[in-house]
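What follows is a set of notes on a single structure, which appears directly below.
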Amino acid sequence: MLMKREIDPTEKIQETKRDFLYLTTAAMGAVAAGAAIWPFIDSMNPAADVLALSTTEIDISQIAVGQAITAMWRGSPVFIRRRTEEEIKIARAVDIKTLPDPEKDEDRTKKDKDEWLVLVGVCTHLGCVPGNKASDSKGDFGGWLCPCHGSHYDTSGRIRKGPAPHNLAIPPYQFTNEKTLLIG
Amino acid sequence: MSGIQTLEPETKWGRFQNWVDDRLPIFTFMRHSLEEYPTPKNLSYWWNFGSLAGVCLVVMMLSGIFLAMYYTPHSQHAFESVDRIMRDVNHGWLLRYIHMNGASMFFIVVYLHMFRGLYYGSYKSPRELLWILGVVILLLMMATAFMGYVLPWGQMSFWGATVITKLVASFFPGLENGILQLLWGDFSVSNATLNRFFSLHYLLPFVIVGVVILHLVALHKHGSNNPLGIDLKNPKEKIPFHPYYTIKDFFGLGVFFLVFLSIVFYAPEFFNEPDNYIPANPMVTPPHIVPEWYFLPFYAIVRSIPWRWGGIFLMFASILILFVLPWLDRSKVRSGTFRPIFKISFWIFLANCCVLGYMGALPTDGHTFGLPNILISQIATFYYFFHFLGVLPLLAKYEKTLPLPTSLGTPALGAKNV
Amino acid sequence: MFKKAILLMFLAFMSLQVFASDAEHPPKMNWSFQSIFGTYDRAALQRGFQVYHEVCAACHSLNHLAYRHLAGIGFTPETIKALAAEKEIRDGFTEEGEIFKRPGIAADHIAPPYINESAAKAANNGSLPPDLSLIVKARAHGPDYLHAILTGYAEPPKEVQLGENMHYNKYFAGRQIAMIAPLHEGMVNYTDGTPTNVEQYAKDVVTFLTWAGDPKMEERKSTGFKVMFFLIILTLFMFFTKRRVWRNIKD
């Protein structure tokens, strides 16, 4: 009785029909399983409230020439420095071939806004925050000095001396008007 | 080890299987217990609920693990963190509604699984330990569900926790305060309580998994019972688990998810109490505290006895009595199909459990059908125990059972398949 | 037979209703969002927010919602930004240790009318106006109940003794409510020509608050439709596969 094959003249047709049925069911089941997993995985992505803070607006009208402020963007400090003519000149005079991470100052600032330097304030060595207060050491190159392992950055935020491998990162930003900077 | 010969060593995959199997017989194990495992061929759809319960456990653990990535077990933040899951976390609402309603579905499935076992005598020799392990799983589920309900830290969470912990503590007269402080880690249900409940709520499901494995080991020793309740001696009366029961279980799973997901998507608050959307407030008790529906029969038992300790004793006893059920019902006939009077008593017992559940949801001082609720609860409580302590032992002794068929192919006189 | 009898008895049992409170049962309303495919009426949502903003928000917070969430009722980013900027938000402390205040942004939660619970109670004769974020979910038959409360104010019957600062409302437990009748004809100006009466205000604000408590309802239902549609077909296929696999098994 068990699993007895009946002799069936339409065996061949039956077989193809069965294959189609089995394959379709298995394929749909696989699709269902895949679709069911997605919400679980997706839930691990940043939530809406986190994304809502992924851009930060900063009022820059109060920043004097030569002054730098620290803002918070996506959980990390961002340095906004309004550079002096002198600092810009120094930054642009450097022969970039001599730099550990060659990059032109012009590529690190926005056109016609070259007095503004916006940097992610996280040392590219091991993630410490270089000093950005007026009282902090600016390092040997007039930019920033990371207190952890002594990485010196210049007035364009480029690494000049010390263990850090890269220049300080530039976040995506734009000037929405004369007074407001939008980071992110 | 004997499996090695039957594997196909010609292919790369076959050689790999042999290599692994020789060191860790996982493929042999899988083939024996998932593929070849001989299963009675006459199982009805009532036998689907075991695997469904397993799926429920997996769904609950998965959704729970992902929810725990956002949930904050702190009395100041718990309520908000749950609300944030609902509003801001990607698909958070879906995960939470799955978890919330999954608990109810899990209990529905497990209760049906148990009532199936009760009807077909699946607890009888040689499956007593299989049944007992099942009751252990039920107890662990109840503890897990209770602590899970506390986590959203709404009014029902808070007052449910207060009432149930007090209930447990008053089982130990004279030591109540000490035990309460031990359970609470404070002088009332508080942040410490919430923290430990979260810890245990996360732990216990893994303990359940362990007991489920034992449950399965015990099941596979003698194989499934079947609707006729007879031992199947002829190997032709059994069929391999795969593909016959894998596809049957998958079909059952599809139907189950249709029900489950229609609640998740279209009536997600069906099992929920509105009061649990009010943040916990230790100064205000909601006018009518009800536990989750799956606790209602037990809640009715505890409230039916005016003497507090007695009520609590009976509530615990109502579950613990299931442990000795195999020795209360000593009838040699397993299946209710061949026990005409037992069959009736089974349906009365089921109805009685529903009455208890309904009573658990009503205020004790009300009336139903002109009768005081408390009296109905008391009668139902009495009958609950009478079924186990009176009806079953008496039936085992005096009931005239129908003649049993000797095999699946030869229905005995008067027997019909269910 | 016997099984059926028991089932019938049980159903009869379940259909009995018990009321513990002496409040009247809220009348059943027709809401656009209640059916299986029901959605929120966008215009009603925005009018409802206007009612909340101009009336309810004087006493009731909406703490779980951020301004950005209002995109869900169809507000543009500019409207949201402007709304948020109306309020001053406390955000930590200045370098001098004083409370730092700044104009709100879209990511901020909707500013509450009172700085804390005590202030809220003090301003309301000792009663705390509840937060409205989840109010619809937190009441049985939420939308009907809320609508009934908002429209259920009346002169108290002679035999009713009202407590101090209490108001007669037959739908509230105990028939006395601390909240004074909040809605009056013409108090909120609608720009879309919708009638400005209490009934309309109540309907709109209840729609808005239902959305506030269950903003994912539309997403839930539409995802649900796709999932159920696929699952029904898959289950049918599994059924036929099962039948085919089992065709050789005979009792």
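Just so you know, all these numbers are worked out from the coordinates, no wet-lab data involved. It should be emphasised that the depicted structure is a prediction, and the values quoted were computed from it without experimental measurement. FYI the Cβ positions are ideal-geometry reconstructions off the backbone, even for glycines, and counts take in every protein chain you see.
Values for this structure:
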{"item": "Other-chain or far-sequence residues with amide H under 5 Å of residue A:72's (modelled H)", "result": "A:78"}
{"item": "B:124, B:236, A:133 arranged by Cβ crowding within 10 Å, fewest neighbours leading", "result": "A:133, B:236, B:124"}
{"item": "Estimated 222 nm signal from helices in chain C, with DSSP H stretches of n ≥ 4 weighted -39500 (n - 2.57), rounded to 500", "result": "-12500 deg cm²/dmol"}
{"item": "Over the range B:359-407, equivalent-ellipsoid semi-axes from the Cα gyration tensor in Å", "result": "36, 12, 9"}
{"item": "Full-stretch length increase - residue B:284, residue B:327 - with 0.36 nm per residue and alpha-carbon distance subtracted", "result": "10.8 nm"}
{"item": "Computed over the protein assembly as shown, Kirkwood Rh from alpha-carbon pairs, angstrom", "result": "32.6 Å"}
{"item": "Whole-number percent relative contact order across chain A, with pairs defined as alpha carbons under 8 Å at least 6 apart", "result": "19 percent"}
{"item": "Where labels lie 7 Å past Cα in the beta-carbon direction, separation of residue C:178 and residue A:161 in nm", "result": "6.8 nm"}
{"item": "Relative contact order (%) - criterion: Cα under 8 Å, at least six apart; region: chain C", "result": "24 percent"}
{"item": "In Hz, Karplus ³J(HN,Hα) per residue of the range C:40-46 (6.51, -1.76, 1.60; θ = phi - 60°; x = Gly, Pro)", "result": "7, 7, 4, 5, 5, 4, 5"}
{"item": "Expected-Rg normalisation [2.2 N^0.38 Å, Cα atoms] applied to the range A:50-183", "result": "0.99"}
{"item": "P(r) tail fraction, the range A:42-83 - alpha-carbon pairs more than 11 Å apart, %", "result": "70 percent"}
{"item": "Within a Gaussian network of chain A (alpha carbon springs, distance under 10 Å), most fluctuating of A:19, A:59, A:136", "result": "A:19"}
{"item": "Modelled FRET efficiency - R0 45 Å, residue C:232 with residue C:102, Cβ distances, 0.05 increments", "result": "0.30"}
{"item": "Per-residue [θ]222 nm for chain A (sum of -39500 (n - 2.57) over DSSP H runs n ≥ 4, rounded to 500)", "result": "-8000 deg cm²/dmol"}
{"item": "When chain B is reduced to its Cα atoms, the Kirkwood hydrodynamic radius in Å", "result": "23.8 Å"}
{"item": "Label-point gap, in nm, between residue B:35 and residue A:22 - each point 7 angstrom along Cα→Cβ", "result": "1.4 nm"}
{"item": "Estimated vicinal HN-Hα couplings, Hz - the range B:33-43 in sequence order (Karplus 6.51, -1.76, 1.60; Gly, Pro = x)", "result": "9, 10, 9, 7, 2, x, 10, x, 7, 9, 5"}
{"item": "Choice from B:101, B:226, B:177 with maximal GNM fluctuation in chain B (Cα, 10 Å cutoff)", "result": "B:177"}
{"item": "Fluctuation leader among B:182, B:67, B:232 - chain B, Gaussian network, Cα springs under 10 angstrom", "result": "B:182"}
{"item": "Where only alpha carbons of chain C are counted, the Rg and the Dmax (Å)", "result": "24.6, 87"}
{"item": "Percent RCO, i.e. relative contact order, over chain B, from Cα pairs under 8 Å lying at least 6 residues apart", "result": "21 percent"}
{"item": "Measure of compaction for the range B:169-238 (Cα Rg per 2.2 N^0.38 Å)", "result": "1.99"}
{"item": "Per-residue [θ]222 nm for chain B (sum of -39500 (n - 2.57) over DSSP H runs n ≥ 4, rounded to 500)", "result": "-20000 deg cm²/dmol"}
{"item": "Pairwise FRET efficiency - residue B:112 versus residue B:402, Cβ, R0 = 30 Å, nearest 0.05", "result": "0.75"}
{"item": "Two-site FRET efficiency, residue C:197 against residue C:123, from Cβ-Cβ distance with R₀ of 35 Å, rounded to 0.05", "result": "0.80"}
{"item": "Pairwise label distance in nanometres, residue C:115 with residue C:78, each label 7 Å out on the Cα-Cβ vector", "result": "3.6 nm"}
